[in-house]
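The values are calculated or read from the model by the stated rules, or taken from the named source; none is laboratory data. All of these numbers come straight from a predicted model, not from anything done at the bench. Neighbour counts run over all protein chains shown; Cβ positions are idealised from the backbone, glycine included. For accessibility, only protein heavy atoms count, side chains too; no ligands or nucleic acids. Shrake-Rupley method; radii C 1.70, N 1.55, O 1.52, S 1.80 Å.
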Amino acid sequence: MAGGVLVAGMLAASNVANALPSDANEPIRLLADKATYSERSGVTSYTGNVTITQGTLKMAADNLTVNLTPTRAIESAVATGRPATIQQIVTQEKGLAKGQANRIDYNVKTGLVTLTGNARLTQNGGSFSGNVIHYSLKVGDIEAKAGNNQRVELVFPPQATNRVGVRNR
């Protein structure tokens, strides 16, 4: 029960920043093969085909760990997998944002999501790929970094006014 409350708080906090307001009012569903909570350390762990849904937010990972502060507030969450994935409709105008990486770190206080290891973030037909991607839920900033002999790749979809060689009749 405590673990479900912890994840509920984490997901509700993430929804306040930049997602559809209705997501925060939706029930949270968490499925995993195993869940553990340590009162002493304040760590809740979920393992084995972990899935979380709340409204438009969907997350999947092999493992999810939630860390608490000494006052039992949620401090951070770490999802790992091959890959771990996260997706959510940010706003109706911006549409669905999808992220995937070997590791997804979420800092509740700063609203920063860090995708590490084969990281990819897509939204509105555009994408960022690299070894590490930092995405701010609070302000929408994105920073992609290269590493492991991998360069940063950005793909921008064509705009209707930028198409060359196409005539309207």
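Could you please find all residues in segment 73-119 being over 9 Å from the mean Cα position of the chain (by Cα), in a strand (DSSP E or B) and hydroxyl-bearing (S, T, Y)? Hits for segment 73-119 are S76, T80, T91, T116.
Residue pairs whose Cβ atoms lie under 7 Å apart, separated by 6 or more positions or on different chains, with the first residue in segment 24-44 and under 16 Å from T65 (Cβ atoms) and the second in a loop (DSSP other than H, G, I, E, B), are G42/R72.
Pairs are defined by a Cβ separation below 9 Å, a sequence spacing of at least 6 or placement on different chains, a first member in segment 131-151 that is farther than 20 Å from V78 by Cβ, and a second member that is open to solvent by 60 Å² or more (accessible area, probe 1.4 Å) and assigned to a loop (DSSP other than H, G, I, E, B); the pairs so defined are G140/K94. Determine, yes or no, whether Y46 is open to solvent by 40 Å² or more (accessible area, probe 1.4 Å) and more than 22 Å from V152 (Cβ to Cβ). Spelling it out, it is not the case that Y46 is open to solvent by 40 Å² or more (accessible area, probe 1.4 Å) and more than 22 Å from V152 (Cβ to Cβ).
I'd like to know if segment 19-39 contains one or more residues that are at pLDDT below 80, assigned to a loop (DSSP other than H, G, I, E, B), under 21 Å from L112 (Cβ atoms) and among the small types (G, A, S). Within segment 19-39 (the criterion being at pLDDT below 80, assigned to a loop (DSSP other than H, G, I, E, B), under 21 Å from L112 (Cβ atoms) and among the small types (G, A, S)), the answer is yes, since at least one residue qualifies.
Of these, T80, T85, which one is under 30 Å from R40 (Cβ atoms) and out of contact with any helix residue (DSSP H, G or I) (no Cβ under 9 Å at 6 or more places or on another chain)? Sole residue among the options that is under 30 Å from R40 (Cβ atoms) and out of contact with any helix residue (DSSP H, G or I) (no Cβ under 9 Å at 6 or more places or on another chain): T80.
Any residue in segment 141-160 that is at pLDDT 85 or above, crowded, with 18+ Cβ neighbours inside 10 Å and in contact with a Gly (Cβ under 7 Å, 6 or more places away or on another chain)? Looking through segment 141-160, at least one residue is at pLDDT 85 or above, crowded, with 18+ Cβ neighbours inside 10 Å and in contact with a Gly (Cβ under 7 Å, 6 or more places away or on another chain).
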